[in-house]
Amino acid sequence: IGIVGQSDVAAQLYDGLTVLQHRGQDAAGIATASGSKIRVHKGNGLVSDVFDEASMQLLQGNYGIGHCRYPTAGSAGCDEAQPFYVNAPFGIMLAHNGNLTNCLSLRRKLEDEGAIFHSNSDTEVLMHLIRRSTQRTFMDKLKESLNTVHGGFAYLIMTENAMIGALDPNGFRPLSLGKMKNGAYVLASETCALDIVGAELVRNI
């Protein structure tokens, strides 16, 4: 789930994750931001185990991403918990659902070119592709990278000024866009997360 709001969104992201918990019990994480200040808290276990009052108070920001992980590619370590964050060449928060069928070949190629991976997750592949793209703008880098990965996937990406949802060409994974009464936008894997934060469905991506 991702929210671009007009006030702190951490509590809404938490509520969204609780109703998406059935999508993954391996790990959970929330990343929030206001301007260029990024705050991330994540760990292994259920949403209720990962977040307490102290961690929630630290997650200030008017936009952010929450994620529940189930083991796919990668191990069960805390390093696999999402969202991932990379600060160069852009400040990007990224969460991913699905599997990349060409993950191993892309990873080998990227490592041969000098990329350093911090996890075994296939989610990190897209981040390295974006970082190494020679396109000029971020959106062009992202589009080129999304056209390079294959499989069934949904990505939720946040920058300082945008929330972007992306699906594989066949739309195998679900992703819905909602809007709250205060004008905040929400992207979520299931509409139950829209309901709990008080957003109405705009359309499916």
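The values are calculated or read from the model by the stated rules, or taken from the named source; none is laboratory data. Source: prediction; values computed, not measured. Every residue, glycine as well, gets a Cβ built from its backbone with ideal geometry; the counts of neighbours run over all protein chains shown. Calculation scope for accessible area: heavy atoms of the full protein, side chains included, ligands and nucleic acids excluded. Shrake-Rupley method; radii C 1.70, N 1.55, O 1.52, S 1.80 Å.
Before moving on, here are some points about what is shown:
- Put simply, of Ala11, Ala33 the only residue that is modelled with pLDDT of 95 or more and either under 15 Å from Gly61 (Cβ atoms) or in contact with a Leu (Cβ under 6 Å, 6 or more places away or on another chain) (or both) is Ala11.
- When Ser105 is tested against (1) open to solvent by less than 40 Å² (accessible area, probe 1.4 Å); (2) more than 24 Å from Gly5 (Cβ to Cβ), just one condition goes unmet, and that condition is (1).
- Considered as a group, the residues in the stretch 166-184 that are within 23 Å of Gly98 (Cα to Cα) and crowded, with 17+ Cβ neighbours inside 10 Å include one that is modelled with the lowest pLDDT, and that residue is Arg173.
- The stretch 32-73 - residue that is open to solvent by 40 Å² or more (accessible area, probe 1.4 Å) and basic (Lys, Arg) and, of those, farthest from the chain's Cα centre (by Cα): Lys37
- Enumeration of residues in the stretch 185-205 that are of a type in the set (D, E, K, R) and either crowded, with 18+ Cβ neighbours inside 10 Å or over 17 Å from the mean Cα position of the chain (by Cα) (or both): Asp195, Glu200, Arg203
- For the stretch 82-102, the set of residues classified as open to solvent by 50 Å² or more (accessible area, probe 1.4 Å) and at pLDDT 90 or above consists of Thr101 only.
- Of all residues in the stretch 108-137, those that are closer than 23 Å to His67 by Cα, open to solvent by less than 70 Å² (accessible area, probe 1.4 Å) and touching a residue at least 12 places away in the same chain (Cβ under 8 Å) total 11.
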